[in-house]
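Undergrad: Quick one: this structure, given as structure tokens, is what I'll be asking you about.
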């Protein structure tokens, strides 16, 4: 499993690197090229050869990054915000601790497989890239007991935090998703914030997505779970959640080219950006 996570992480970094080179870029990630490496660039090239929806995938990646960047900045930088702990599950090659203007007392807990974090640390040391905020890698298996390791690293349950689940939930099966969210909800203090992206259940069954899904599965990156009712799903774990589709007014940024269908058309495949607060 760690090998597929490493592949996904470097591929995502390559997507960010390419976006950062555009004159109309939605964000700038100066570390992405080094974290992707030639391996990530090659993975991106191969995925575009095999993915018939590669253009839509690229749009999704950059819109998601910008949407979640903005959410984190609003949440942490708000006047008198108590949320100075950021917990990134399956952090991969994420660089928000380096590139976003956040208060210096912000603490990032980056959770991922040991091999992924070790590779990331090696690549960061090569380019001598110190983070302006405190960053604490936590090597864990998110499908096992990760809470103890997070608390040992210094996480304080009594303080509100921001929980990030970016590019993660669709790789899990429903029992794994429920177990993960149950653990998060046990740790999250009242007024903690959460951000995630996910797919609809119809995404997994739609005839329009089968070729792309099969291609990802063959590369060890299969998608297994989604829901058409993200607000209710997260609500069951104690979160007051809201969901938007990429391409809607708050998640467009002038870059989304696909139509956005009403959610009442439940048979159509769709994605969601979910944000919420622990109640």
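We did not get these values from a lab; they are worked out from the coordinates using the rules stated. Fair warning: this is a prediction, and the values are worked out from it, not measured in the lab. In this analysis, Cβ positions are derived from the backbone assuming ideal geometry, glycine residues included, and neighbour counts consider all displayed protein chains.
Undergrad: Could you give the distance between the Cα centres of the range 35-69 and the range 205-255, to the whole Å?
TA: Centre-to-centre distance over Cα atoms comes out at 16 Å.
Undergrad: Test of understanding: ordering 44, 123 by Cβ neighbours within 10 Å, fewest first, what list do you get?
TA: Listed from fewest to most nearby Cβ atoms, that is 123, 44.
Undergrad: By how many nm would the segment from residue 228 to residue 248 grow when fully extended, if each residue of separation counts as 0.36 nm and the alpha-carbon distance is taken off?
TA: This chain segment gains 5.5 nm when fully extended.
Undergrad: Now, a different point. Rounded to the nearest 500, what is the chain's calculated 222 nm mean residue ellipticity when only DSSP H runs of at least 4 contribute -39500 (n - 2.57) each, over all residues?
TA: -13000 deg cm²/dmol
Undergrad: Could I ask something else about it? Would you indicate which of (i) 46, 43, 36; (ii) 65, 56, 30; (iii) 76, 45, 33 is the value of Cα extents along the principal axes in Å derived from the coordinates of this structure?
TA: Recomputing Cα extents along the principal axes in Å here gives the entry labelled (i).
Undergrad: Of all DSSP beta bridges located in the chain, what percent are antiparallel, nearest 5?
TA: Here the antiparallel bridges make up roughly 40 percent for the chain.
Undergrad: Now for a different question. Stretched out fully, how many nm does the piece from residue 264 to residue 178 gain, at 0.36 nm a residue minus the Cα gap?
TA: That works out to 28.5 nm of additional length.
Undergrad: So how far apart, in nm, are the two label points at residue 42 and residue 205 if each is 7 Å from Cα heading toward Cβ?
TA: 4.0 nm
Undergrad: At 0.36 nm per residue, minus the direct Cα-Cα distance, what do residue 159 and residue 55 gain on full extension? Give it in nm, one decimal, please.
TA: Gain on extension, residue 159 to residue 55, equals 33.4 nm.
Undergrad: Would you mind ranking 109, 224, 171 by Cβ crowding within 10 Å, fewest neighbours first?
TA: Ascending number of Cβ neighbours within 10 Å: 224, 171, 109.
Undergrad: What is the fewest-to-most order of 22, 263 by other Cβ atoms lying within 10 Å of their Cβ?
TA: 22, 263
Undergrad: Kindly list the residues of the range 255-275 that lie in the label zone of residue 81, defined by a backbone N under 19 Å from the point 7 Å along the Cα-to-C-beta vector.
TA: From the range 255-275, the list is 273-275.
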